[in-house]
Structures are given as C-alpha cells and as structure tokens.
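Written below as structure tokens is the structure these notes are about.
The values are calculated or read from the model by the stated rules, or taken from the named source; none is laboratory data. No experiment lies behind these values; they were computed from the predicted model shown. Note that each Cβ is placed from the backbone with ideal geometry, even for glycine, and that neighbours are counted across all protein chains shown.
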C-alpha cells in the first residue's frame, strides 16, 4: 500500500559529484521531491557529508543522499547520531545497498519513491567502531578494494570489478584465521571471509540468498578453496548467494563474531578499507530508517530471482 506524502517535510539533499552518475538530472529530482511534498535544502559549497548532516540536522526532517555505497557508508555515523531517516538516490557504480532494498535504479523514480514510501527500520553491521550497510570482508575482496580505483569504477562501471579481480587473483594466497562466535572457537584456512549485513555487494555478488538489511543477523561465509581457479566454478553461486551449499565454503548466521589473523589484515567495509584484524563484528538491529518498499509487497525470491505471484505467495 502506498502512503500519502506528508506535507511540509524538508530534506537535506547531498549529492556526491564524484559518484559515477553524479551528474544526474538534479532539476528533475528536485521537481519530483517538491511534487511529492518534500522541499529539498542544499547547503552551499562542498564538504564532508558527515559534518554537513550534523551541522544541518535541526533544519531538516530527513536526509537524501545521492551517490554509491561509499557515500552511504561515509554518512552512516552521522545518520546514527542524528536519527534522521535516509532517502537514497542510487548514483554509484554498483549501488548494492539500493539493490538490497529493491530501490529503482533511475534516480528520478528513486526520488518519487522517497515521497510515497515509509522510512523502514534497517540494521547496520559494525566492525571495530566502523559501520557498514552491505558486507565487510578480509582477504581477496579487501585486496580487490585496494586495487579498484575511483577512476576505474567511473570509467568501466561494474566491469572495473572484473578487471581488478583478474589482477588480484594472480597473487591471492590462503591464510589462517581464528573464528570466535556463538561459544565456538575454530581455526580455518581461507582466501576470504565475508560478514554480510545486507544481501548484495561487490557489483553483483550476493552474500546469502535470503539475507535482508532488517533481519537482525549477520551472514558469514569463508572461501576455503584449494586453488584460486575454484573461484571461477563458484562464481554462479556467489552471484546467487548459494555458495554456502558448497563443500569448500563455510557459512552460517550469527549476531557477533571475532576474526583473528597471524598478522594484521585489512578489512573492507562497503568497498572501503577502514580497519584491520583482529576484527570484532556485530549487528546493530534497526538503528536506521531508510525509505524503501515494504518487503511484504515484493515477489518471493529463489536464488535472487523474483517468482511471479501467480506461482507463489506473497511473503
């Protein structure tokens, strides 16, 4: 059910000009917001989005961010502190958070959605004091994040992930980690561990096929493969989120986990290298509100693919 727009709302509108689609039609976006009863406020000049949100929190009813997953990640601390609801204009390369929330890819349609949908509770992942929306990882993906430049993402889009991945694969080596979770301590050899809060990450990968940003849990997996070429065979499963069924992939759900390594290893959160191991992960349930469709109105999914309602039942 679509809700009537609330009149008189004022939104702090911040668009990352360096996002891949940062030159989106802002006039059309502004018009869509105004038509839906939201007055956009754009502070003059440029600045850190965290500082801008904190500075103008008392002047607005919601925050609308235009950018990719990195933009959303950077704003998370200020959104948590101010408790302002978030509207998303997906202007980045992969827009994994927007995909996890089933938001329109068209920024004008995304703006219209903000005016009609409710701000729904969403979880955040947390690691060593850093929040993340989608997934945090150690190993292959972290090395990939280090190789993937902003210029390559803007030039090649999601293809840039594949180009960088081929380079990283040549040098990836297994490493040992100690996992502590749910009263269990185990030692494993892996090329990557991932801890997901949302469903999608990495420009087309899925951390777990049934994961949601509001399910109150983290989805963990570890790629314990003998050879790097095994990743190629796992690629279809990694895209669908079914890799946990493979014999050489360890997968489980939890709410808190500690990952230790022999030497400090970088941790990638939503595409940014933000901390190092030892890494203490936990989920923070319902800490944010994000304007998004009601999950109950969406078609059920099998392996990330919607099933038409005539052949299924609404969740």
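Residue check: residue 234 meets all listed conditions (1) surrounded by 22 or more Cβ atoms within 10 Å (Cβ to Cβ); (2) more than 27 Å from residue 111 (Cα to Cα); (3) touching a helix residue (DSSP H, G or I) at 6+ places or on another chain (Cβ under 9 Å) but one, namely (1). Among the residues in the range 171-185, are any in contact with a helix residue (DSSP H, G or I) (Cβ under 9 Å, 6 or more places away or on another chain), surrounded by fewer than 20 Cβ atoms within 10 Å (Cβ to Cβ) and closer than 14 Å to residue 142 by Cα? So far as the range 171-185 goes, yes, one or more of its residues are in contact with a helix residue (DSSP H, G or I) (Cβ under 9 Å, 6 or more places away or on another chain), surrounded by fewer than 20 Cβ atoms within 10 Å (Cβ to Cβ) and closer than 14 Å to residue 142 by Cα. Here 93, 50, 71 are screened, and the one residue that is modelled with pLDDT under 95, closer than 23 Å to residue 200 by Cα and assigned to a helix (DSSP H, G or I) is 71. Scanning the range 31-55 for residues that are closer than 18 Å to residue 289 by Cβ and surrounded by 17 or more Cβ atoms within 10 Å (Cβ to Cβ) gives 33, 36, 38, 49, 53.
Could you please let me know if residue 65 is touching a residue at least 60 places away in the same chain (Cβ under 8 Å) and either within 23 Å of residue 27 (Cβ to Cβ) or in the same structural domain as residue 18 (by TED's automatic domain parsing) (or both)? No. The residue pairs whose first member lies in the range 278-297 and is at positive phi, whose second member is not in a strand (DSSP E or B), and whose beta carbons are closer than 6 Å, counting only pairs six or more residues apart or on different chains, do not exist in this structure.
Per the listing 266, 192, the residue uniquely surrounded by fewer than 21 Cβ atoms within 10 Å (Cβ to Cβ), farther than 18 Å from residue 72 by Cβ and modelled with pLDDT under 95 is 266.
Scanning the range 96-133 for residues that are farther than 20 Å from residue 241 by Cα, in contact (Cβ under 8 Å) with a residue 24 or more places away in the chain and assigned to a loop (DSSP other than H, G, I, E, B) returns 117, 118, 128, 129. With the condition kept exactly as written, say whether any residue in the range 261-279 is part of a strand (DSSP E or B), farther than 30 Å from residue 82 by Cα and touching a strand residue (DSSP E or B) at 6+ places or on another chain (Cβ under 9 Å). So far as the range 261-279 goes, yes, one or more of its residues are part of a strand (DSSP E or B), farther than 30 Å from residue 82 by Cα and touching a strand residue (DSSP E or B) at 6+ places or on another chain (Cβ under 9 Å).
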